[in-house]
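The values are calculated or read from the model by the stated rules, or taken from the named source; none is laboratory data. All values derive from a computational prediction rather than experimental measurement. Here Cβ is always computed from backbone atoms with ideal geometry, including for glycine, and neighbour counts include all displayed protein chains. In case anyone asks, the SASA skips ligands and DNA or RNA and just uses the protein heavy atoms, side chains included. Shrake-Rupley method; radii C 1.70, N 1.55, O 1.52, S 1.80 Å.
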Amino acid sequence: MGDTELSYYLPSRADGVNDMCMYLGFRAPRHLFTPTRVLATWTVLLLRHPLLAARVIPPPSNGNPLDTEYSHTRFSYTAPSSPEDAIQRASAFVSLQKGVSKDELLDRFLNGKRLLSESRLTYLILTEDRATTESDHAEFGFFICSTHFNADSASCHQLSNEFFTIIAGTVTDYVLTTTDLEALVRKEWQARWRSGSMAVLPPPLEDRLPPTRGLLRKATEKVDFLNSLRSQIGGHALPRTRGAKRKVTVRTINFDVFTSRSILQKCKSQGISISNALFALSSLAWSRTLVERGMEPHVELPIMMYTAINLRPYLLPFDSSYFIPALGFFNVVLPSFLPSRSCAGEKTTWKALGSTFWRRARSAKAQCVRAAKHPLVLSRAREMARKRSETAKAFAVEDDAQELGLTLPPRTPSSGSIIQQSATPSTALLGMSHLGNLDGFYMRKNYPSIQFHSLIPGTRMRHGGLMVFVHTFMGKLTMDLVYDVDGFKDGIVETWWKDLLGGCDEFLVGKPTSRL
């Protein structure tokens, strides 16, 4: 595994932290989604993308975590011996269920026993609504689950589109029959394994980025990365509770097509994106929440929020699967003070914050553009992955020692560490995942019989986790708050979220909505 993969894998070992899921609701003809057709289609995808059916080989261990080389963790894939073997293996990675709601699926995945494992990195659940009375059509749910160390959200959406293209796509107005799908399985297997070809798993992300050449260049990149870290100052965090109890839930806010179009056009007219606006809304809503609750605002420290950057446009060409966690990370830092100091318990109205909101949204945009277009964006991504991998390995030593009942000496930075302790705080308020316009992933004209209507993302979290997702799908803007209900004090997340939606109504919608 590379640094990015390792940084996701090691924290996931105990309880699946960062495991991803995505529910896609749709209406379609029943005959297209019979068990045989679904299994054949899924088998084709597992053959095309072997990492889906791979397993993880942990590093060798002599019982002492301090001696374990966690960087020796690797993927392993065994090719199926025949098309029939491929189908048999695929059946362990898919299930068809009836009468299971999306809420049940999400709750099981987010809060129940872990569905994925080191030997099952991906899983598909297809549900059918029993309440559908029509004989030829039904309501279905496509629930794709994947570990984060072998994929990202873009991977899951590309996989979903490929699934629907195969099972319901039209080729000169002709949808593949069940016999055709089974023949496709044989064709895919023969193309890869009939001649005894070796499996080629995608190389790690770091190996697909353009390499750094020259000692001076490498030194310059490290200095730049350290300087960028020193500028990432954040002194605000949502107050969390103690304990290991966890109850992750998803709060979804959907806007209709007309309102979504209006919001996006308003953002465009101000020279920003909806993600830029959400950074500003999140920070201002937090400052207002502090004032309302009479809490110390710490206005001398800014608010920091982290988000991901898509590295796919920078990857070197490689004739392989798109399944790869092609992500880098950066922070957006905004002021925490309100323009006019309020007394405790008195919030500045959203209406009075208009100019401040747009100004801070433009600041968020400038930071996002600067991060994406920085000449050293790739070296920063590489060094950040190394930093996160170092942190993950350090915690893995502690986790394994605790499981074995061992006492470790106090942790000290490794001699090879490039990270030095900073005197300034670098605490993030929350994380945001801006998925963008997902309509670009789904070539719906290629499978016109499929009628999508809902899409909900999710991720397994540790105690006190919180993420905000925003995307556009089927022309509708959606915001999802995914968080641990039991991980925060006194309903403060709910207060902050309600205030954020109030700001959204004031500046983006232009009128109050009934959801508040």
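Across the stretch 112-128, a minimum of one residue is classified as touching a residue at least 40 places away in the same chain (Cβ under 8 Å), open to solvent by 40 Å² or more (accessible area, probe 1.4 Å), touching a strand residue (DSSP E or B) at 6+ places or on another chain (Cβ under 8 Å) and not charged (D, E, K, R). Residues in the stretch 467-505 that are acidic (Asp, Glu) and under 16 Å from Trp286 (Cβ atoms): Asp490, Glu494, Asp499. In summary, Ile253 fulfils each of the numbered conditions (1) open to solvent by 30 Å² or more (accessible area, probe 1.4 Å); (2) in contact with an Asp or Glu (Cβ under 9 Å, 6 or more places away or on another chain) with the single exception of condition (1). The condition of being open to solvent by less than 20 Å² (accessible area, probe 1.4 Å), in contact with a Ser or Thr (Cβ under 7 Å, 6 or more places away or on another chain) and among the small types (Gly, Ala, Ser) holds for only one of Gly487, Gly465, Gly458, that being Gly487.
When Phe329, Phe258 are screened for being free of Cβ contacts under 8 Å to residues at least 60 places away in the same chain, open to solvent by less than 60 Å² (accessible area, probe 1.4 Å) and more than 25 Å from Lys489 (Cβ to Cβ), only Phe329 passes. Considering Leu215, Leu201, the condition of being free of Cβ contacts under 8 Å to residues at least 40 places away in the same chain and either in contact with a strand residue (DSSP E or B) (Cβ under 6 Å, 6 or more places away or on another chain) or open to solvent by 60 Å² or more (accessible area, probe 1.4 Å) (or both) is satisfied by Leu215 alone.
Within this structure, Lys511 fails the test of being closer than 25 Å to Phe33 by Cβ and not in a strand (DSSP E or B). Every condition in (1) in contact with a strand residue (DSSP E or B) (Cβ under 7 Å, 6 or more places away or on another chain); (2) at pLDDT 90 or above holds for Thr391 except the one numbered (1).
Of the residues Asp173, Asp207, Asp180, which single one is over 30 Å from Ile492 (Cα atoms), outside any helix (DSSP H, G or I), charged (D, E, K, R) and open to solvent by 40 Å² or more (accessible area, probe 1.4 Å)? Write out each step before concluding.
Values: Asp207 fails: outside any helix (DSSP H, G or I); Asp180 fails: outside any helix (DSSP H, G or I).
Result of the check over Asp173, Asp207, Asp180: Asp173.
Being over 20 Å from the mean Cα position of the chain (by Cα), surrounded by fewer than 20 Cβ atoms within 10 Å (Cβ to Cβ) and touching a residue at least 24 places away in the same chain (Cβ under 8 Å) holds for only one residue in Pro29, Pro60, Pro83, and it is Pro29. Among the residues of the stretch 356-373, those that are buried (at least 16 other Cβ atoms within 10 Å of the Cβ) and either under 30 Å from Tyr9 (Cα atoms) or among the β-branched types (Val, Ile, Thr) (or both) comprise Thr356, Gln367, Cys368, Ala371.
Restricting the stretch 218-250 to residues that are among the hydroxyl-bearing types (Ser, Thr, Tyr) and surrounded by 16 or more Cβ atoms within 10 Å (Cβ to Cβ), the residue that is nearest to the chain's Cα centre (by Cα) is Thr249.
For the stretch 330-351, the criterion of being part of a helix (DSSP H, G or I) and more than 27 Å from the chain's Cα centre (by Cα) is met by at least one residue. Does the stretch 42-52 include one or more residues that are open to solvent by 10 Å² or more (accessible area, probe 1.4 Å) and among the aromatic types (Phe, Trp, Tyr)? No, that holds for no residue.
Within the stretch 352-377, the set of residues being of a type in the set (S, T, N, Q) and either outside any helix (DSSP H, G or I) or within 11 Å of Val332 (Cα to Cα) (or both) comprises Ser363, Gln367.
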